[in-house]
Amino acid sequence: MNNNDQMAFLYDSTKCMGCRGCQVACKQWHELPAEKTRFFAGGADSGYQNPIHLSEHTYTMITFHEVVEDGKLMDWAFWKTQCQHCLEPACASVCLVGAMHKTENGPVVWDSHKCIGCRYCMLACPFNIPKFEWKKVISDIRKCDFCADRIAEGLLPACAKTCATGAILFGKRGELIEIAKERLSKDPEKYYQHIYGLEEAGGTCVLNISNVPLKHLGYPDNVPMEPLEKNTQIDMAAISPAVIGLGAILGVTAFVINRRIELAKTKEKGGQNE
Amino acid sequence: MTNQWIDIGHSDCIMIIGSNAAENHPISFKHILNAKEKGAKLISVDPRYTRTSSESDIYAPLRAGTDIPFIGAIIHYALSNDLVQRDYLLTHTNASFLVNPDFRLTEGLFGEIKGGAYTKNTWGFQKDASGIIKKDLSLENPDCVYQLLKKHFSRYDLDTVSKITGTPTDTLLKVAETFVGTHRPDKSGTIMYAMGATQHTYGTQNIRSYAILQLLMGNIGVAGGGINALRGESNVQGSTDHALLFHILPGYLKSPEVTDVDLDTYLKKCITKSEDPRSANWWGNYPKYITSLLKAFYGDHAVKENGYCFNYLPKRSANYSHIALFEAMSKGVIKGLIALGQNPAVGGPDGNIERNALANLDWMVAVDLFETETSAFWERPGVNPADIQTEVFLFPAASSVEKEGSISNSGRWAQWRYTAVDPPGDAKPDLWILDRIHKQLKKAYGEGGVFPEPITQLQWNYGDGEEPDPHAVAKEINGYFLKDVDFPDKKLSFKKGDLVPGFAFLKDDGSTASGNWLYCASYTGKGNMMARRTRSNPQDDPIGLNPEWAWCWPVNRRIIYNRASCDAYGNPWAPQKPVVRYDHAAKKWIGDVPDGPWPPLKNPDGSKNPDGKYSFIMTPEGFACLFAPTLTDGPFPEHYEPLESPVANLMSMQQNNPVIKIWRPDEIGDSDKYPIVATTYRVTEHWQAGAMTRNVPWLVELVPNAFMEISNDLATELDIADGDKVKVSTIRGSIEICALVTRRLQPLMVSGKKVHQVGLIWHFGYKGLATGESANMLTPHVGDANTMIPEFKAFLCNVEKVKGDIS
């Protein structure tokens, strides 16, 4: 499917009031347990933020940021963090068993039955998203699945449905990019002129716009502007042929040497019998 | 609300003051952002920078309790620059009325006070020989309301106001310039407010200041305008409509007092009069509503000869507001309490007083979804249950999704709801519980007792089922014809047993019954109007009134005072967003249900239309009140300091509201011991006294602890780090709570000195999944001069660091 037709989110931080309806709706839809939290556990300035990080029990959350300039408070800004559903996801490319995969219409989901819990995807993700069920005996990777089951039935993802202000828009990636561009050009004073997810990691299905650079809101600022799997793919793709190739060479060498040893032994035996 | 939720989307300037709508009414932001998309400006006025402020174009900090000077500065700006909607003032307000020339404000007092109340002897208007109020249409006469208003607010210049509120003068100017832009006829501004405005000893006057500003701007009755009270509980609007409060009967009729010895005496007090035939004087219809109510209560027992059983109504001899009840309970006067969905142990002011008062009860019936701090007051930390003799009955209640009935929202929409799931276990709807109590009382009184008739003769026709039929209740609220009635002038006839189609058909002769005249037309021969869910076509309904979605009081009028949205000819001030307009050819109003069917005052040729009536039909004169003589504490709002304040009143020698009742004079903290201004508020994640949210794991996950927000400045001064436990004390008590250090609170320069403010969330208590100390242990037992709503929002405290971690 064309990248523009993939299902995507546009999260506009300027329309987000940090109400966290999305965070709770996600928990409710996925029947995820509440975590035991403590206020301020995230340290100074984390404010209302809870839980402090995404986890196997928390697929999306709002982070709180007091934006300060010259010692003065400029804004209280919020960012919704969750899986970015990359167009070319690194997590899917490193998955040894093909559990993690990109669906045709956008969501990056995983097949629980196939997941072996190796956690390569956790290492590969530039946004540090997939989380692991550490406490379970048979454990699985967990992350936002874009409510793939709801989308398949023509419903909105739980977070988008709950959002009162339309800070979370759900639709086709191409259309949402146009909306984002229009907002940025109509209000250049208000918006920081960058659409996160347009090119980061080769483009993601979660687009973010805000009034301050998103790195001030916790978005990692070292994400390359090209698909990560482009590099890993080459290496990963080389592993099988390399292993098979090396195996073949070693196998043939072993066969040849063993054969020679065998032949040498047979020659000795034969001489003794004359 | 005078307007509607959706209507906020039509505003050009939205001021959110005494409210944190983003956190406590988040859905409203859908409409606010709609307005912003069309270029509207949002102003957030708050002691602290909230999630609402994060969406605002202008944030104005202010010292808690200084809303009147803040609004006063905007009024001052408008009046001194003549940026008012003059035509509107002349056509729709009492700006031109001449006031008694002896009326004056002296050192913060509006005249003589006797026995704790103003005599109000100078608060009247000058009248001519035929009793009609004299007016000066040039608005120049020094006795006219407009000139008195100018004189009053001349004292609220920006520099003086800045010294009182702590708001920088350039911010005050920016707010004033932005909001006053809505004085233009084609522009409208709205004010959204909630408890931050009302929960003060002068809360009513806070709202009055909004009314004055909005009338000067011509913003009442228009799309995108109005004074929009954001109601809290989902059905608090319905509750107040049906007389939850002690001083009213259903439909905002007055509750009788001991001096109302009979119906006629009572009516003389309640019926308003006007000599001006152009005034509709709608409360002149009062007898029809009280008579119909009494017929609904007492059926055939209520006849003309016995004053329709008026003497069965309890006559109050005092103020029975929340604070007064708990003061009486403290003295052992009140022996029994039914706490219906109420948790005063957390939600009531002066927690020590109120929790201890509960121990004086012989019995308590708590009706609730959870066991709350109130129903479990006898086993709270620090008390020995053996010392408490109160017998507590806990009735499990059904939640709002577990029963059928209507819920009335802030926009006065009564929306019918169905039972989504059955209540768990023994939990029952309130209707079932009250019905059982009533039946038991009727039985007990049937066997004897003092003055049993008010109970035994109560009409109670709600079916014979296990539970009263909510439809039967709704129909009785709407009202019935009790015999065949003809209306020859309307060419209509009704049979006995027909539902009354609207309150214009209620009568004072005992032929109609209606449980609440305001809700008459909600359930008619056409069906349950509250159950309708038809969205309108934008072509037919450009401003989104949605007249066929549910039902709105009164008579489905969506924006009240809407004839003020037009000039004297019936042409809308803002033709691009009309609420109503008058079609002179068809002789009727088009658009929303007009606020009174009468034509406008003038014909298209400028001649007077003799059938025209003034637009504010609920006031006796027919005009909106810039000068309002009916309130207890003054016809104009005047700044007084909160009961506990760090500074002297800069406006006058009168420190506090002169007519508030001071229940506990020894419980007023001074700023030497308690130098920090404190306020209390709510967060999105928790609900009121906390039973419904501190028992939900997903919400406890978000806000697991009670906390207090404190500025970086003050935290540094007191050596408090983020997350530290602090002790907050007032003269009434102290609590330990965790501190959240933030730049969203800043110290303010007030009267030349630095004043610190802290804010506490009040949702916590000792019951539930998440527990913590209750901020209301700190708040004062004192209330507003008119409504007695407690002053939760501004008091004095001290803050100290405590060793140890939050548990």
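Values as computed for the structure displayed
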quantity: Assigned charges on the beta-carbon of Lys, Arg, Asp, Glu; chain B dipole about Cα centre (debye); calculated: 1660 debye
quantity: Cβ-based exposure ranking for B:163, B:151, in which fewest neighbours within 10 Å come first; calculated: B:151, B:163
quantity: Shielding of A:13-25 by partner chains, average beta-carbon count, 10 Å; calculated: 5
quantity: GluC sites (Glu not before Pro) restricted to DSSP loop in the stretch A:154-223 with at most 16 other C-beta within 10 Å; calculated: A:189, A:199
quantity: Dimensionless Rg ratio for the stretch A:120-274, taking C-alpha atoms and the 2.2 N^0.38 Å reference; calculated: 1.89
quantity: From phi via Karplus (6.51, -1.76, 1.60), per-residue ³J(HN,Hα) for the stretch B:369-380 in Hz, x at Gly/Pro; calculated: 7, 10, 7, 9, 4, 6, 6, 10, 4, 6, 10, 6
quantity: Distance between the stretch B:1-69 and the stretch B:236-260 - C-alpha centres, whole angstrom; calculated: 31 Å
quantity: At 0.890 mPa s and 25 °C, Stokes diffusion of the stretch B:44-115 via Kirkwood alpha-carbon radius, µm² per second; calculated: 154 µm²/s
quantity: Residues of type lysines that residue A:27 reaches as a straight line, Cα spacing below 21 Å, ignoring anything fewer than 8 places off in the same chain; calculated: A:36, A:80, A:131, A:135, A:136, A:143, A:161
quantity: Dipole of chain A, positive end: most advanced residue of A:152, A:87, A:130 [Cβ charges, Cα centre]; calculated: A:130
quantity: Förster-model FRET efficiency, 30 Å R0, residue B:173 and residue B:113, C-beta, rounded to 0.05; calculated: 0.25
quantity: Least to most buried among B:619, B:106, B:524 (fewest other Cβ within 10 Å first); calculated: B:106, B:524, B:619
quantity: Angle in degrees between helix A:21-30 and the longest Cα principal axis of chain A, rounded to the nearest 10; calculated: 40 degrees
quantity: Gyration tensor over alpha-carbon atoms, the stretch B:215-322, equivalent ellipsoid semi-axes in Å; calculated: 29, 20, 14
quantity: Sites residue A:238 and residue A:112, calculated FRET efficiency, Cβ-Cβ separation with R0 22 Å, nearest 0.05; calculated: 0.15
quantity: Equivalent ellipsoid dimensions for the stretch B:715-779 as semi-axes, Å, which come from the Cα gyration tensor, largest first; calculated: 24, 15, 11
quantity: P(r) tail fraction, the stretch B:390-477 - alpha-carbon pairs more than 17 Å apart, %; calculated: 60 percent
quantity: Bins of 10 Å, starting at 0 and running to the largest distance - Cα pair percent for the stretch B:324-408; calculated: 17, 49, 23, 9, 1
quantity: Two-site FRET efficiency, residue A:149 against residue B:401, from Cβ-Cβ distance with R₀ of 30 Å, rounded to 0.05; calculated: 0.75
quantity: Simple spin-label estimate for residue B:272 and residue B:655 in nanometres, 7 Å along Cα-Cβ; calculated: 3.7 nm
quantity: Convex hull of Cα atoms in the stretch A:123-171, direction-averaged projection (nm²); calculated: 5.3 nm²
quantity: Positive-end residue of B:381, B:741, B:488, charge dipole of chain B with Cβ unit charges; calculated: B:488
quantity: nm² value of the averaged projected area, convex hull over the Cα atoms of the stretch B:374-528; calculated: 14.5 nm²
quantity: The stretch B:50-65 - phi-based ³J(HN,Hα) in whole Hz, Karplus 6.51/-1.76/1.60, Gly and Pro as x; calculated: 10, 5, 5, 4, 5, 9, 7, 8, 10, 10, 10, x, 8, 6, 4, x
quantity: Computed magnitude of the charge dipole of the stretch A:1-239 (debye, nearest 20; Cβ of K, R +1, Cβ of D, E -1); calculated: 640 debye
quantity: Leading residue at positive end of dipole, chain B (Cβ point charges), from B:643, B:218, B:334; calculated: B:218
quantity: Label-point gap, in nm, between residue B:157 and residue B:306 - each point 7 angstrom along Cα→Cβ; calculated: 6.7 nm
quantity: In nm, spacing of pseudo-spin labels at residue B:244 and residue A:252 (7 Å Cα→C-beta vector); calculated: 8.7 nm
quantity: Relative contact order of the stretch B:739-794, pairs being alpha-carbon contacts under 8 Å that are 6 or more residues apart, as %; calculated: 17 percent
quantity: Amide N proximity, the stretch B:390-409 versus residue B:426 label position 7 Å along Cα-to-Cβ, cut-off under 16 Å; calculated: B:392-398
quantity: Against the rule of thumb 2.2 N^0.38 Å, how large the Cα Rg of chain B comes out; calculated: 0.95
quantity: Trypsin sites (Lys or Arg not before Pro) within the stretch A:5-42: DSSP coil, no more than 13 neighbouring Cβ in 10 Å; calculated: A:36
quantity: By average C-beta atoms within 10 angstrom, highest first, the peptides B:265-274, B:668-677; calculated: B:668-677, B:265-274
quantity: Rg/Rg_globular for the protein assembly as shown, with Rg_globular taken as 2.2 N^0.38 Å and Rg from C-alpha atoms; calculated: 1.08
quantity: Mean projected area (nm²) of the alpha-carbon convex hull when the stretch B:611-667 is viewed from all directions; calculated: 5.7 nm²
quantity: Built amide H within the under 5 Å cut-off of residue A:64, gap 5+; calculated: A:49
quantity: Taking A:239, B:559 and counting other C-beta atoms within 10 Å, the order from fewest to most; calculated: A:239, B:559
quantity: Computed over chain A, Kirkwood Rh from alpha-carbon pairs, angstrom; calculated: 21.2 Å
quantity: For the protein assembly as shown, size of Cβ-based charge dipole, Lys and Arg +1, Asp and Glu -1, in debye; calculated: 1100 debye
quantity: Average beta-carbon neighbours from other chains, 10 Å sphere, peptide B:740-746; calculated: 5
quantity: Helix runs (DSSP H) in chain B reaching 15 Å along axis by Cα, Kyte-Doolittle at least -0.5; calculated: B:67-80, B:169-180, B:203-217, B:286-298
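Computed from the coordinates by the stated procedures, all read-outs in this text should not be read as laboratory data. Everything numeric in this text was worked out from a predicted model, so none of it was measured. As a convention, Cβ positions derive from the backbone with ideal geometry for all residues, glycine included, and neighbour counts pool all protein chains shown.
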